[in-house]
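A short worksheet on the structure shown next.
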Amino acid sequence: MGARHLGPHPSLDYGVGAARGNVRPGPTGGPGGQVPTSNAYSATLTASWELDIWGRVRRSNEAALASLLATEDARRGVWLTLVSDLAQAYFELLALDVRLEIARDSTGAYQRTSNLFQDRFQFGIASKLETSRAEGALGEAQATIPALESEIVAKENQIGILLGKSPAPVPRGTPMYAQAVVPTVPAGLPSTLLERRPDLRQAEEQLVAANARIGVAKAEFFPKLSLTALFGTASPEVSALTGGTATIWAVAGMLSGPLFNAGRTLGNYRASIAQWEQAKLQYEQAVLTALREVSDALTALGKLSEAETGQDRAVKALEQAVGHATDRYRYGLANYFEVLEAQQQLYPAQRTLAQIRRDRLLAYVQLYKALGGGWSLTDAQWNDAAKGTGD
């Protein structure tokens, strides 16, 4: 953090005046006659400043600067949340695409099974029970397609809102299973990465501002010394006193301080201390939350990788089981239960695998957000990116 000291700055005001007047003598005045009209002009500069003997002005400036920086960090936090939400919504959209593909594939498979049962039923080889079960499985698979298509449109609309655009189809890039799920996350990430989290920076600046306000409240116990200076000119066209341009100047000082205010100054001081303690606790809580979020994301990445390996093995085995069951049924070596059972185990397993892959991608998004912008960008690069987005 750079230097925060800002000394007291004087205030400078100006004033310009013009007057026009005519004064007629009364009954006891001088000799009668026409009195000329007089015009008067004046211009002044007034400067005033408070000598910051007790640091009140300096601590006020420090509190104001910290509040400004906290507001900027809040803006940066909104930007980070937007990027994370957009990435999450896009990966969820890709996962819905995979689920829709699974639903269509399963519908096609159930359709082929139903056709096979129908053919065998016509030749008296299969029973009506077999064909009815096959038709039921086909109808159930077909029913999932419209619901998934509706979810995809809703997710595309959500992405459009995040981008500030009207609802429209979202162009797809790399499919979900082709997305990189093993980006390099260095071992032993330094905790200093958390220092660029916008919420931590905001909490820190709020703590600095609260600490500075204690100094402001403490300085209120002591007197204030203010100085003022006035310089200017007056140029009356008709003046019996000056006969021309006159110089105006004045210097003044004022010492003021509390004498009796029913404990208000003391109350304000105690309140500022309480606010600082609250800001301190909020900062500590923000740090703990950041550590928890990073730990959760890293743990999820490791565990989901193991889960996907096991689930992928299960899907491949079930795909083989469906093929073997279908071949056995064609040659009369198996009944229809084996075929339907194998299919009804395969497609839920495929959906679970798609969900695990989606969760892995979302875990990287959460880690990116938890680290305040990922682990590869430097702090300066992150700031440049944020400023470029805000423009």
Exercise. Taking TYR347 as the residue in question, decide whether it is of a type in the set (Phe, Trp, Tyr), within 27 Å of ARG133 (Cβ to Cβ) and modelled with pLDDT under 85.
Key: no
Quiz item: How many residues does the stretch 75-94 hold that are open to solvent by 10 Å² or more (accessible area, probe 1.4 Å) and either touching a strand residue (DSSP E or B) at 6+ places or on another chain (Cβ under 8 Å) or of a type in the set (Ser, Thr, Tyr) (or both)?
Solution: 2
Quiz item: Considering ALA317, ALA321, which residue is small (Gly, Ala, Ser), modelled with pLDDT of 85 or more and open to solvent by 50 Å² or more (accessible area, probe 1.4 Å)?
Solution: ALA317
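Does any residue of the stretch 164-174 turn out to be part of a helix (DSSP H, G or I) and open to solvent by 70 Å² or more (accessible area, probe 1.4 Å)?
For the stretch 164-174, residues part of a helix (DSSP H, G or I) and open to solvent by 70 Å² or more (accessible area, probe 1.4 Å): absent.
Step by step: first the residues of the stretch 111-128, then only those that are under 10 Å from TYR336 (Cβ atoms) and either in a helix (DSSP H, G or I) or open to solvent by less than 40 Å² (accessible area, probe 1.4 Å) (or both), then the one that is modelled with the lowest pLDDT. Which residue is that?
Restricting attention to the stretch 111-128, the residues satisfying the condition of being under 10 Å from TYR336 (Cβ atoms) are 113, 116-117, 120, 126-127.
From what's left, either in a helix (DSSP H, G or I) or open to solvent by less than 40 Å² (accessible area, probe 1.4 Å) (or both): 113, 116-117, 120, 126.
Details: THR113: 77, LEU116: 75, PHE117: 73, ARG120: 70, ALA126: 62.
Only one residue fits best here, namely ALA126.
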Practice problem: Find all pairs meeting these conditions: Cβ atoms under 6 angstrom apart; at least six residues apart or on different chains; first residue within the stretch 195-217 and in contact (Cβ under 8 Å) with a residue 12 or more places away in the chain and among the aromatic types (Phe, Trp, Tyr); second residue open to solvent by 30 Å² or more (accessible area, probe 1.4 Å) and part of a helix (DSSP H, G or I). | Solution: none
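With respect to GLY310, is the statement that it is without any contact (Cβ under 8 Å) to a residue 24 or more places away in the chain, under 20 Å from VAL365 (Cβ atoms) and in a helix (DSSP H, G or I) true?
Working: without any contact (Cβ under 8 Å) to a residue 24 or more places away in the chain: yes; under 20 Å from VAL365 (Cβ atoms): no; in a helix (DSSP H, G or I): yes.
For GLY310, the condition - without any contact (Cβ under 8 Å) to a residue 24 or more places away in the chain, under 20 Å from VAL365 (Cβ atoms) and in a helix (DSSP H, G or I) - is not met.
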Exercise. Check SER42, SER60 and return the single one that is surrounded by 13 or more Cβ atoms within 10 Å (Cβ to Cβ), modelled with pLDDT under 80 and part of a strand (DSSP E or B).
Key: SER42
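Here are some residues: ARG330, ARG270, ARG357, ARG292. Which one is closer than 30 Å to THR131 by Cα and either at pLDDT 85 or above or open to solvent by 20 Å² or more (accessible area, probe 1.4 Å) (or both)? Before you say what the answer is, go through the steps one by one.
On the way: ARG270 fails: closer than 30 Å to THR131 by Cα; ARG357 fails: closer than 30 Å to THR131 by Cα; ARG292 fails: closer than 30 Å to THR131 by Cα.
Step by step, each of ARG330, ARG270, ARG357, ARG292 is checked, and only ARG330 is closer than 30 Å to THR131 by Cα and either at pLDDT 85 or above or open to solvent by 20 Å² or more (accessible area, probe 1.4 Å) (or both).
The values are calculated or read from the model by the stated rules, or taken from the named source; none is laboratory data. Computed from a prediction, not measured in an experiment: that's the story for all the values here. Glycine also receives a Cβ, built like all others from the backbone with ideal geometry; neighbour counts cover every protein chain displayed. All accessible areas refer to the heavy atoms of the entire protein, side chains included, with ligands and DNA or RNA removed. Shrake-Rupley method; radii C 1.70, N 1.55, O 1.52, S 1.80 Å.
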